[in-house]
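Engineer: If you scroll down you'll find the structure; I have some questions about it.
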Amino acid sequence: MNIKDLEVIDNCDEVDFEEVNHILNFYGLSDLDTPTQEKVFRNSYVTVFLRYKDKIVGVGRAISDGITHANIYNVAVRDEYKGHGIGKVIVDEILKRVEGCNVTLYTSPKHIGLYEHWGFKRLKTAYVIFADETHYKEAGFIDCSLR
Ligand SMILES: CC(C)(COP(=O)(O)OP(=O)(O)OC[C@H]1O[C@@H](n2cnc3c(N)ncnc32)[C@H](O)[C@@H]1OP(=O)(O)O)[C@@H](O)C(=O)NCCC(=O)NCCS
C-alpha cells in the first residue's frame, strides 16, 4: 500500500462506527458496544480515522482542553495494515490538532519502545486511578515496585 493514498478523516459523521469498533475490539482495546464507542469518540476533542480504499484502516483519539493538555487513546491499525506507517500518521495527525499542548498517553507494556521511537519521553511522575485496577495490574500497566 502507498501511504499517500490514505485519506485522513477527523469528522465522526463521515465514518461507520461498526468499522471503528471492530478494530478496537479486535485488539481488546475496548469491549464497548458500537453506540457507546461512537459516544466515546464524539465526546473526544480530536478524532482521527484513516481510510484506505473505502475501508477504515486506523483510528485514534485525544481528549483535551485544546490549549494546555491532551491525552491520546485508542490508537489502533487494522491488523493486515500494520507496519506500513499508519500508526505514525494517526499519532502525527492527532498531535497537529493539539499543537501547543502537553500530550500524554499510557500504553500497553509491549508498546513502550514504540512510543519512544515516535519521540515520546517516559514520565517519572505519572499517577493513575484505573476503574478496573485488577485488570490493569495483571496486564502489567502498574509499577507495583513503587508501592
Ligand atoms: C501500535 C500500532 C498502532 C502501530 O501501528 P503501525 O501502523 O503498525 O505502526 P507504524 O508502521 O506506523 O510504525 C511502526 C514503527 O515502530 C517501530 N516499532 C514497533 N514496535 C516497536 C517497539 N516495541 N519498540 C520500538 N519501535 C517499535 C517499527 O520498527 C516501525 O519503525 P519504522 O517506522 O521506523 O520502520 C499497531 O501495531 C496496533 O494497532 N497495535 C494493536 C493495537 C494496540 O495495541 N494499540 C495500543 C497502542 S496505545
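Here, each number is a calculation from the coordinates, and none is a lab measurement. Remember, it's a predicted structure, so these values are computed and weren't measured experimentally. Heads up, the Cβs are rebuilt from the backbone with ideal geometry, glycines too, and the neighbour counts pull from every protein chain shown.
Engineer: List the chymotrypsin sites (Phe, Trp or Tyr not before Pro) within the range 1-38 that DSSP assigns to loop and that have no more than 16 neighbouring Cβ atoms inside 10 Å.
Structural biologist: Details: sites: Phe17, Phe26, Tyr27; in loops: Tyr27.
Counting only loop positions with at most 16 other Cβ atoms within 10 Å, the chymotrypsin sites (Phe, Trp or Tyr not before Pro) in the range 1-38 are Tyr27.
Engineer: Would you please classify the overall shape of the range 1-128 from the alpha carbon gyration tensor, given that a ≥ b ≥ c denote the square roots of the eigenvalues, rounded means a/c under 1.5, and beyond that prolate means a/b larger than b/c while oblate covers the rest?
Structural biologist: In terms of gyration-tensor shape, rounded.
Engineer: I would also like to ask the following. Under 15 Å from the 7 Å Cα→Cβ point of Thr68, by amide nitrogen: which residues of the range 95-132?
Structural biologist: Inside the label zone: 100-104.
Engineer: In the Gaussian network model of the chain, springs joining C-alpha atoms below 10 Å, which of Thr36, Thr104, Thr125 carries the largest mean-square fluctuation?
Structural biologist: Judging by the Gaussian network model, the answer is Thr125.
Engineer: Whole-Hz Karplus ³J(HN,Hα) for the range 65-77, in order, using 6.51 cos²θ - 1.76 cosθ + 1.60 and θ = phi - 60°, x for Gly and Pro?
Structural biologist: Per residue, the Karplus-derived 3J(HN,Hα) values read 8, x, 10, 10, 9, 9, 9, 8, 9, 6, 7, 8, 10 Hz.
Engineer: Through the Karplus equation 6.51 cos²θ - 1.76 cosθ + 1.60, θ set to phi - 60°, convert the phi angles of the range 41-57 into ³J(HN,Hα) values in whole Hz; use x for Gly and Pro.
Structural biologist: 3J(HN,Hα) across the range 41-57, in whole Hz: 5, 5, 7, 8, 6, 10, 10, 10, 10, 10, 10, 9, 6, 6, 10, 6, 10.
Engineer: About its Cα centre, what dipole magnitude does the chain give when the only charges are +1 on Lys and Arg Cβ and -1 on Asp and Glu Cβ, stated in debye to the nearest 20?
Structural biologist: Here the size comes out at about 680 debye.
Engineer: Something else now. What percent antiparallel are the DSSP beta bridges of the chain, to the nearest 5? It would help to have the intermediate numbers written out before the result.
Structural biologist: Values: 16 of 19 bridges.
That works out to approximately 85 percent antiparallel.
Engineer: What net charge do the residues around Arg97 carry, taking every other residue with its C-beta under 11 Å from that of Arg97, with Lys and Arg at +1 and Asp and Glu at -1?
Structural biologist: After counting each charged neighbour, the total is -2.
Engineer: Related question: Report the full-extension gain for the segment Asp13 to Ala139: residue separation times 0.36 nm, less the Cα-Cα distance, to one decimal in nm.
Structural biologist: Separation in residues times 0.36 nm, less the Cα-Cα distance, equals 42.0 nm.
Engineer: I've got another one for you. If you plug each phi of the range 80-96 into the Karplus form 6.51 cos²θ - 1.76 cosθ + 1.60 with θ = phi - 60°, what whole-Hz ³J(HN,Hα) values come out, in order, with x for Gly and Pro?
Structural biologist: 6, 10, 5, x, 10, x, 5, x, 5, 4, 4, 5, 4, 5, 5, 4, 4
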